[in-house]
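Accompanying notes for the structure given below.
Nothing in this text is a laboratory measurement; each read-out follows from the coordinates by a stated rule. Only a predicted model underlies this, so the values are computations on that prediction, with no experimental measurement involved. Please note: Cβ atoms are built from the backbone with ideal geometry, for glycine as well, and neighbour counts cover all protein chains shown.
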Amino acid sequence: MSKFEYDDFIEKSNENDDLDEETLFIVSQTFKAISDPTRIRILHLLSQKEYSVNEMADKLTMLQSTVSHQLRFLKNLRLVKYRREGTSIYYTCDDKHVMDILQQTIEHARHH
């Protein structure tokens with residue numbers, strides 16, 4: 001982010017200092033979602049391609065019930081979405097902004 005972009009961002013942020021309760025709640029829930037190691041692993045996996053619950057469980061060596069539980073939390077926050085194909089349900093990421101934040105954080109952690 002250039003100095004100009006940063007200054008513009010700060011100016012726009014200061015125009016609306018007050019955050020309503022709904023915005024605060026959504027922000028806190030989003031950070032809660034990406035602060036859990038299991039959910040980070042799931043989101044990182046889904047950033048690569050679409051997976052079924054069983055495929056995720058196998059790939060992450062987790063119980064299917066654990067993956068399903070975490071997906072329900074992520075789906076309620078609209079961070080993941082799903083599609084049904086026959087009897088299978090496939091999940092993918094549904095919020096590019098959050099995925100960008102997650103990817104930047106992963107890159108930051110790997111840099112140190």
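What to note about this one:
- Pick from segment 54-99, criterion among the small types (Gly, Ala, Ser) and part of a helix (DSSP H, G or I), ranking: nearest to Val27 (Cα to Cα): Ser68
- Per the conditions (1) more than 13 Å from the chain's Cα centre (by Cα); (2) surrounded by 15 or more Cβ atoms within 10 Å (Cβ to Cβ); (3) β-branched (Val, Ile, Thr), the sole criterion not satisfied by Thr30 is (1).
- Among the residues of segment 58-82, those identified as hydrophobic (A, V, I, L, M, F, W, C) and closer than 13 Å to Thr38 by Cα are Leu60, Met62, Leu63, Val67, Leu71, Phe73, Leu74.
- Boolean, Ser65 is among the polar types (S, T, N, Q) and farther than 17 Å from Leu102 by Cβ: yes
- Sub-8 Å Cβ pairs linking a first residue in segment 90-109 that is of a type in the set (A, V, I, L, M) to a second residue that is part of a strand (DSSP E or B) and surrounded by 14 or more Cβ atoms within 10 Å (Cβ to Cβ), at least 6 apart or interchain, are Met99/Cys93, ordered by first then second residue.
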